[in-house]
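In what follows, a single structure is set out as structure tokens and then discussed.
The values are calculated or read from the model by the stated rules, or taken from the named source; none is laboratory data. Just so you know, these numbers come straight off a predicted model, no measurement behind them. Reconstructed Cβ throughout: ideal geometry from the backbone, glycine too, with neighbour counts over all protein chains shown. These accessible areas exclude ligands, DNA and RNA; they are computed on the full protein's heavy atoms, side chains included. Shrake-Rupley method; radii C 1.70, N 1.55, O 1.52, S 1.80 Å.
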Amino acid sequence: MFKKTLIRGGRVLTMTPGFTEAVADVLVDGDLIAEVAPSIVCPDAEVIDAGGRIVLPGFVDTHRHTWQTQLRTVATDWSLFDYFARMRLIYSAFYDPDDVFLGNHVGALEALSAGITTLVDHCHILHTPEHTDEAIRGLEQAGIRAVFCYGLFESPDYRCDARRSSLAAGWRRDDARRVRRDLLPSKDALVTMGFAPAEIDANSYEVNVDEIRFARELEAQRISCHVSMGAYDSGQRFVERLGRDGLLAEDLLFVHGSALTDDELRRMADSGAAVSATPETEMQMGMGFPVALRARDAGVRSSLGIDIVSNYSGDMFAQMRLALQASRALDNAQYQKRDRAPRRIARKARDVLELATRDGAQAAGLGDRIGTIEAGRQADLVLIRTDSIHMTPAIDTVGAVVLNANPSDVESVFVAGRCVKKDGRLVGVDWPGLSRRLVASSLRIVEGMRSTPVASIEEMAAQMMPRLE
Ligand SMILES: [Zn+2]
């Protein structure tokens, strides 16, 4: 059992609706927040001096393919076509179970170090049941809160892996049932069961609906679907059709969604279905403009995700900043078109801070447990220093977090009351040892890519995207 912890005198952003900044004490008892008050006396608590620190709920990353951690930087200059052909059809083929463990484990640790206490892991690297086991083990050993979305996607097997070819067709559904029954049976555990259909735009509407029905049989906490990525789409208008068929519900988490129509957003708002925008990949890869704030304006449960650290680091501060400033640039462009200048800026920093915390918790299906600092909530907390050269003076607390901070400012992190980062260092992690294993895994996978006929695979991928140019 954890002892009590008293986080004293921090600048607390509770992220409750209409919150205002206040210097306060936060008492943690076991896995829960016991009290938030201007001054708390608790003689049997360990005291953490949070003077000068900003205290906020842990960030919620609602979309990440955590397995790609050891491929950091390979996607630097990629379009979505490059990503599909090279990552999904080539690099992924070289992942053994231990590679999946390392990707998920180190990726989850990176998230914790950056103040992200909850991940929705869209895991489409499940070549065998052993890959599944290692993916889940990687998350659980890191101590992060996560929704593990079991991915049905089947990447090609260039290596003619004997273990893969011995599996019966359709084995993934049995494996998903096994995971639900044996590994992730509880909705109250740190890691819970979610689901990820194979790929909406690669399958027919009927196949996609069948996969969603299967996820609902499993009572998946969230069903994570890539949709509406502009001209990369097959034109299925998936969300609209689900709406017409009465199949939209709050268990659906649509990802990217840059090309969602106003009608689709209205249907999502009415049904409680959520969206996860990942601003950096969307803007880079040609998927369209990040939908996060437009969806929020329409009343949709909106949130932010990191997507892939094979492209950029797992830094939620950066995603908040990109979502905010890109949206401001669009708004301001309307004035410039009319040769006018804005007197005020409508988009506020707190809008994106809400996306990354409270709104993210709701999108992940955890809105009743995390996302705010209130008595009775799970104690998922982050302390951010404000004394570095790039944070001094932190006059506006929200502005300091959204526009100035980076993961190196994250001093302490708690998940369900357990301290996973203390004094700027992850607790109980052998980083030199893990790092050696991660680099060895990376070298082997990258070497595999070099031995693959990339051009012919790209041609095959191009057939699936008729509007490529
Ligand atoms: Zn994705």
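Computed over protein heavy atoms with a 1.4 Å probe, the carbon and sulfur contribution to the accessible area of the chain reaches 51%. Principal semi-axes of the equivalent ellipsoid, √(5λ) from the alpha carbon gyration tensor of the range 182-271, are 24, 14, 12 Å from largest down. Just to be sure I understand the curve: with the Debye formula and one point per C-alpha of the range 350-469, what is log10 I(q)/I(0) at q = 0.10, 0.13, 0.21 Å⁻¹? For the range 350-469 at q = 0.10, 0.13, 0.21 Å⁻¹, log10 I(q)/I(0) is -0.60, -0.84, -1.15. Take the alpha-carbon centre of the range 322-375, take the same for the range 19-96, and report the distance between them in whole Å. The range 322-375 and the range 19-96 have Cα centres spaced 18 Å from each other. Dipole of the chain computed with +1 at Lys/Arg Cβ and -1 at Asp/Glu Cβ about the Cα centre; of GLY367, LEU184, GLY138, farthest Cα towards the positive end is GLY367. Straight-line reach from LYS348: which lysines have Cα under 25 Å away, leaving out those fewer than 8 places along the same chain? By straight Cα distance, LYS348 reaches LYS337. Here's the picture: charge each Lys and Arg Cβ at +1 and each Asp and Glu Cβ at -1 in the range 59-358, and of SER113, LEU353, PHE94 the one pushed furthest to the positive end of that dipole is LEU353. If the chain linking GLU206 and SER451 were pulled fully straight, counting 0.36 nm for each residue of separation and taking away their Cα-Cα distance, it would gain 84.5 nm. Only DSSP H runs of four or more residues enter the estimate; each adds -39500 (n - 2.57), and after division by the residues of the chain the mean residue ellipticity at 222 nm equals -10000 deg cm²/dmol.
Helices assigned as whole DSSP H runs in the chain whose Cα atoms extend at least 15 Å along their own long axis and whose mean Kyte-Doolittle hydropathy is -0.5 or higher are found at 97-113, 316-337, 431-450. Put a plus charge on the Cβ of each Lys and Arg, a minus charge on the Cβ of each Asp and Glu, and nothing anywhere else: the dipole of the range 337-469 about its Cα centre is then about 300 debye.
Do any trypsin sites (Lys or Arg not before Pro) in the range 337-367 lie in a loop, going by DSSP, with at most 15 other beta-carbon atoms within 10 Å of their beta carbon, and if so which? Filter output for the range 337-367: ARG338, ARG340, ARG343, ARG344, LYS348. Cross-link reach is defined here as a Cα-Cα straight distance under 29 Å, omitting same-chain residues fewer than 8 places apart; for LYS422 the lysines meeting it are LYS3, LYS4, LYS187. Each residue of the range 189-204 was assigned a 3J(HN,Hα) from its phi angle through the Karplus curve 6.51 cos²θ - 1.76 cosθ + 1.60 (θ = phi - 60°); the sequence is 6, 5, 10, 10, 8, x, 8, 9, x, 3, 5, 4, 7, 9, 10, 6 Hz, with glycine and proline shown as x.
Scattering from the C-alpha atoms of the range 72-167 alone, worked out with Debye: what is log10 I(q)/I(0) at q = 0.19, 0.21 1/Å? So the normalised log intensities are -0.97, -1.12.
In the chain, if the dipole is taken from +1 on Lys/Arg beta carbons and -1 on Asp/Glu beta carbons about the Cα centre, which of VAL74, VAL382, TYR335 is farthest to the positive end? The listed residue farthest towards the positive side: TYR335.
Here r is the Cβ-Cβ distance between ARG266 and ARG328 and R0 is 30 Å; the resulting FRET efficiency, rounded to 0.05, is 0.75. For the range 415-422, the Karplus equation 6.51 cos²θ - 1.76 cosθ + 1.60, evaluated at θ = phi - 60°, returns couplings of 10, 6, x, 8, 7, 9, 9, 9 Hz by residue, with Gly and Pro reported as x.
Rolling a 1.4 Å probe across the protein heavy atoms gives the range 197-255 an accessible surface of 37 Å² per residue.
Rounded to the nearest 0.05, the FRET efficiency derived from the C-beta distance between TRP431 and ALA198 at R0 = 45 Å is 0.80.
Using a Förster distance of 22 angstrom, determine the FRET efficiency expected from the C-beta separation of VAL23 and ASP423, and round it to 0.05. E between VAL23 and ASP423, to the nearest 0.05, is 0.55. Among the protein heavy atoms, those of PHE81 account for about 30 Å² of accessible surface (1.4 Å probe, every chain in place). If a spin label sat at a point 7 angstrom from the Cα of LYS348 along the line to its beta carbon, the backbone N atoms of the range 290-315 nearer than 20 Å would be those of 292-304. Ranked by the mean number of other Cβ atoms within 10 Å of their residues, highest first, the peptides 402-415, 260-273 fall in the order 402-415, 260-273. I need the Debye-formula profile for the range 59-358: one equal scatterer per C-alpha, no solvent, reported as log10 I(q)/I(0) at q = 0.12, 0.13, 0.15 1/Å, two decimals. Scattering profile of the range 59-358, log10 relative to I(0): -0.74, -0.88, -1.19.
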